[in-house]
Amino acid sequence: MEITLHKSGGKADTLKVSEAVFGADYNEALVHQILTSYTAGSRAGTKAQKNRSDVRGGGRKPFRQKGLGRARAGTIRSPIWRGGGVTFAARPRDYSKKVNRKMYRGAMRSIFSELVRSDRLICLEDFNLEDARTKVALAKLKEIDVSEGLIITDEVTREQFLATRNIPRVDIIDTTELDPYSLIGFERVLITKAALEKVEAWLS
């Protein structure tokens, strides 16, 4: 299959890409499973509370068992006492979910294919910036009539990072930082020819 390749100066050409990678059927269930796993894996899982054995003190019985007319108590760190431990205390945990490599690549192929079908994937010949200035990056984006989106390059240069970091709703990453959440989170996805070739080789 062929997709449009945008060149500098407003020119356009066609680029032949793999049908298996950029023309796959959209598997909604698989994409949902991969997104759920990705967001779960990004959770810190560091929440923690103290139960009755973790709270300091409470080793001595606060008062005698009988004769005071009060309910018996063995420790001041009981969950029903003020300052006591939590009954079902939270513990640090790992929320990550295992995903097979074949499933992950299949979901990425499905997402890229859907981006192509919905005309949300824009292939650029390059995204070279001669200066690390925001107006230079804005001018580059204006050439292809794009004001926001995710930019994917084979390698993020210092000029590209500095020029795009202050533009609202614009992010730039390289192919090693690709993730399904970012791909579906932007209305437009701009990818350079070199990055597209790396993605195609990875997902083939």
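Every read-out reported here was derived from the displayed coordinates using simple, explicitly stated rules and does not represent laboratory data. Source: prediction; values computed, not measured. When we count neighbours, we look across all protein chains shown, and the Cβ atoms used for this are built from the backbone with ideal geometry, even at glycine.
Details
- Cleavage-rule hits, trypsin sites (Lys or Arg not before Pro), the stretch 6-35, DSSP coil, Cβ neighbours within 10 Å at most 16: K7, K11
- Calculated over the stretch 22-96, the projected area of the Cα convex hull averaged across directions stands at 7.9 nm².
- Residue order, fewest to most beta carbons within 10 Å, for H6, H32: H32, H6
- Dividing the mean sequence gap of close Cα pairs (under 8 Å, 6+ apart) by how many residues the chain holds gives a relative contact order of 25 percent.
- Alpha-carbon Rg/Rh ratio, for the stretch 142-204, with Rh computed the Kirkwood way: 0.95
- The stretch 48-91: radius of gyration over Cα atoms, expressed as a fraction of 2.2 N^0.38 Å: 1.25
- Between I172 and I151, the built amide H atoms are under 5 Å apart, and every one of these is 5 or more places off in sequence or on another chain.
- Over all other residues within a Cβ to Cβ distance under 12 Å of A44, the charged ones net out to +2, with Lys and Arg as +1 and Asp and Glu as -1.
- Annotation note: chymotrypsin sites (Phe, Trp or Tyr not before Pro) in the stretch 58-106 located in DSSP loop regions with a Cβ neighbour count of at most 16 within 10 Å are F63, W81, F88, Y95.
- Gain in span if fully extended, A12 to A90, counting 0.36 nm per residue against the direct Cα distance: 22.4 nm
- Estimated vicinal HN-Hα couplings, Hz - the stretch 135-143 in sequence order (Karplus 6.51, -1.76, 1.60; Gly, Pro = x): 5, 5, 5, 5, 5, 5, 5, 5, 4
- Loop-located trypsin sites (Lys or Arg not before Pro) in the stretch 122-204 (DSSP state not H, G, I, E or B) with no more than 15 neighbouring Cβ atoms inside 10 Å: R133, R165, R169.
- Checking (1) 9, 32, 35, 19, 4, 0; (2) 8, 33, 39, 18, 2, 0; (3) 8, 26, 22, 13, 8, 9, 8, 5, 1, 0 against P(r) over Cα pairs in 10 Å bins from 0, in percent calculated from these atoms, the matching label is (3).
- Computed on the stretch 67-183, the Cα convex hull volume stands at 224 Å³ per residue.
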